[in-house]
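Engineer: Questions regarding the structure given below will be posed in turn.
The values are calculated or read from the model by the stated rules, or taken from the named source; none is laboratory data. Treat the numbers as computed from the prediction; the structure is a model and nothing was measured. Here the Cβ positions follow ideal geometry from the backbone for every residue, glycine too, while neighbour counts run over all protein chains shown.
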Amino acid sequence: MTPSDAAYFEKLQSALNAAGIAQPTLVIDRARLDANIETFKGHLPDGMGYRIVAKSLPSLPLLQHIREKTGTDRLMTFNLEMLIEIARAMPNVGQLLGKPMPVAAARAFYAKAPSDAKVQWLVDTPLRLAQYLDLAEEISTELDIVFELDVGLHRGGFSADETLKHAADKLKASNRARFGGLMGYEPHIAKMPEKNDLRRKAQDFARESFESAKVLTGCLGGVSAVHDLTLNTAGSPTYRLYTDTEMANEVSAGSVLVKPTDFDTDLLSEHVPASFIAAPALKVIDGINVAGFDFLPGREPEVPEGHTKTVYTFGGNWMAKPVWPEAIEVNEKYGRSSNQQMLTGPADMTLQPDDFVFFRPTQSEAVFLQFGDIAVYENGQITETWPVFKASA
């Protein structure tokens, strides 16, 4: 079933109406979510661990659902509030930071979180390592440190060179911190064109960098010999590239399970859209009327060919693309609005006021936090709602 299928959206609209929903709402199709989970699991090589990216699936019930379906107790977390909330709600989960945090955030975490929380802190520079080692002494706590690697994204992190080796030696000499492993994120690979063999070259560079970093930090003998270390790579865009566990022992992914439009790629073609924004159409007007054109005889506003209807939705300006009714489009010339978004549609569009316009988010991590509780759609009904985390970077 495609996201533009009329019968699908008619059933989804009926479910929203029956649930009394009358404002912009983020909807997750549980059957499609579960299908994506099974597709994802089917592509993982034997022995490959899975770490759920919490920022891309920012809801405790959603994360718990995925944990149950995948059997994982590993999460990747990106901000202090989420880190604390997960530590309290899921005490048996191990969290790896997905980006380096100021040492003050780690200090605040240990002041608020359960004493038995399992967290691996991501460190990207010798200076940050020194700060975290000082913190470990200050609060008399053993920290678990994972080094961030630059495997080609060039967003920071250690290169596979002597600086990394010196950092590893300093960490291993500490009585207050443990070397927990390596993390090398490489979403750029999926965006590399096949032309001139750029994707293969980027993939080879990432693998070579990761392998060199394993040698420099003492991760010898292959993954089986360092099973207690975190050797993390990939994300939703690139998890399909890993067909064995020779380089890494776990991959991270989140967005691919709900598939926003940014993940409509060749590598992820087997996954299906499972998340939508449903926004009521407040006004459906015949004609395309834009302020100012009244005073320009003979001039008409620019719209797609065949568009003769105007729609104003309840809310708007989301990172999202309209997908239903078919052929409806945001009028970028008019300008976006967070209050009433203007869209235009073709003459045969049957949309009526209070019907829903459906959008697909372009990403999940920020968009999912904008609508309050997530409406869970299953078997033609909204069966429950899942609260989301407090909005944070």
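Engineer: Those residues that are more than 17 Å from the chain's Cα centre (by Cα) and at negative phi, I need them from segment 42-62; list them, please. Walk me through how you get there before you give the answer.
Structural biologist: Let us first name the residues in segment 42-62 that are more than 17 Å from the chain's Cα centre (by Cα), namely 42-49.
Result: Gly42, His43, Leu44, Pro45, Asp46, Met48, Gly49.
Engineer: Suppose we filter Leu351, Leu343, Leu369 for residues that are hydrophobic (A, V, I, L, M, F, W, C), at pLDDT 90 or above and touching a Ser or Thr at 6+ places or on another chain (Cβ under 7 Å); which single one remains?
Structural biologist: Details: Leu351 fails: touching a Ser or Thr at 6+ places or on another chain (Cβ under 7 Å); Leu369 fails: touching a Ser or Thr at 6+ places or on another chain (Cβ under 7 Å).
Only one candidate qualifies: Leu343.
Engineer: Only residues in segment 195-217 that are modelled with pLDDT under 95 count as the first member; pair them with residues that are buried (at least 20 other Cβ atoms within 10 Å of the Cβ) and part of a helix (DSSP H, G or I), Cβ under 6 angstrom, at least 6 apart or cross-chain, and list the lot.
Structural biologist: Ala202/Ile189; Gln203/Ile189
Engineer: Tell me the residue from Ala248, Ala190 that is assigned to a loop (DSSP other than H, G, I, E, B) and within 24 Å of Ala54 (Cα to Cα), please. Show your work before the answer.
Structural biologist: Details: Ala190 fails: assigned to a loop (DSSP other than H, G, I, E, B).
After applying the criteria, what remains is Ala248.
Engineer: Among the residues that make up segment 367-379, is at least one of them in a loop (DSSP other than H, G, I, E, B), surrounded by fewer than 19 Cβ atoms within 10 Å (Cβ to Cβ) and aliphatic (A, V, I, L, M)? Please lay out each step first, then the result.
Structural biologist: Residues of segment 367-379 that are in a loop (DSSP other than H, G, I, E, B), as a first pass: 371-373, 379.
Filter once more, keeping what is surrounded by fewer than 19 Cβ atoms within 10 Å (Cβ to Cβ): 372-373, 379.
Of the ones still in play, those that are also aliphatic (A, V, I, L, M) are none.
Looking through segment 367-379, none of the residues is in a loop (DSSP other than H, G, I, E, B), surrounded by fewer than 19 Cβ atoms within 10 Å (Cβ to Cβ) and aliphatic (A, V, I, L, M).
Engineer: If you don't mind, there's one more thing I want to ask. Sort through Asp124, Asp150, Asp161 and tell me the only one that's within 24 Å of the chain's Cα centre (by Cα), in contact (Cβ under 8 Å) with a residue 40 or more places away in the chain and in the same structural domain as Met82 (by TED's automatic domain parsing).
Structural biologist: Numbers: Asp124 fails: in contact (Cβ under 8 Å) with a residue 40 or more places away in the chain; Asp161 fails: within 24 Å of the chain's Cα centre (by Cα).
The match here is Asp150.
Engineer: Given the criteria touching a Gly at 6+ places or on another chain (Cβ under 8 Å), within 29 Å of Arg360 (Cβ to Cβ), of a type outside the set (D, E, K, R) and modelled with pLDDT of 95 or more, does Thr39 qualify?
Structural biologist: Values: touching a Gly at 6+ places or on another chain (Cβ under 8 Å): no; within 29 Å of Arg360 (Cβ to Cβ): yes; of a type outside the set (D, E, K, R): yes; modelled with pLDDT of 95 or more: yes.
So Thr39 fails the test.
Engineer: Restricting attention to segment 220-233, does a residue exist that is at pLDDT below 95, of a type outside the set (Ser, Thr, Tyr) and at positive phi? Quick ask: steps written out before the conclusion?
Structural biologist: Filtering segment 220-233 down to residues at pLDDT below 95 leaves 220-228.
Subsequent filtering for residues that are of a type outside the set (Ser, Thr, Tyr) retains 220-223, 225-228.
With the extra rule that they be at positive phi, the set shrinks to 221-222.
The answer is yes; a qualifying residue exists.
Engineer: If a residue must be buried (at least 22 other Cβ atoms within 10 Å of the Cβ) and under 18 Å from Lys112 (Cβ atoms), how many such residues does segment 42-68 contain?
Structural biologist: So the count comes out to 1.
Engineer: Let me ask you something else. For Phe276, state whether it is in contact with a Ser or Thr (Cβ under 8 Å, 6 or more places away or on another chain), among the aromatic types (Phe, Trp, Tyr), at pLDDT 95 or above and buried (at least 18 other Cβ atoms within 10 Å of the Cβ).
Structural biologist: Criteria not met by Phe276.
Engineer: Somewhere in segment 23-31, is a residue farther than 23 Å from Val367 by Cβ, surrounded by fewer than 19 Cβ atoms within 10 Å (Cβ to Cβ) and out of contact with any helix residue (DSSP H, G or I) (no Cβ under 6 Å at 6 or more places or on another chain)?
Structural biologist: Taking segment 23-31 and keeping what is farther than 23 Å from Val367 by Cβ, we get none.
No, there is no match, as no residue in segment 23-31 is farther than 23 Å from Val367 by Cβ, surrounded by fewer than 19 Cβ atoms within 10 Å (Cβ to Cβ) and out of contact with any helix residue (DSSP H, G or I) (no Cβ under 6 Å at 6 or more places or on another chain).
Engineer: Which condition number in (1) assigned to a helix (DSSP H, G or I); (2) of a type in the set (Ser, Thr, Tyr); (3) free of Cβ contacts under 8 Å to residues at least 24 places away in the same chain is the one that Ser14 fails?
Structural biologist: Going through the list (1) assigned to a helix (DSSP H, G or I); (2) of a type in the set (Ser, Thr, Tyr); (3) free of Cβ contacts under 8 Å to residues at least 24 places away in the same chain, Ser14 breaks only (3).
Engineer: For Asp354, all conditions in the list (1) on the phi > 0 side of the Ramachandran plot; (2) in a strand (DSSP E or B); (3) not hydroxyl-bearing (Ser, Thr, Tyr) hold save one; what is the number of the exception?
Structural biologist: (2) is the only condition that Asp354 fails.
Engineer: Restricting to segment 231-273, give me the number of residues that are crowded, with 18+ Cβ neighbours inside 10 Å and of a type in the set (S, T, N, Q).
Structural biologist: Number of matching residues: 8.
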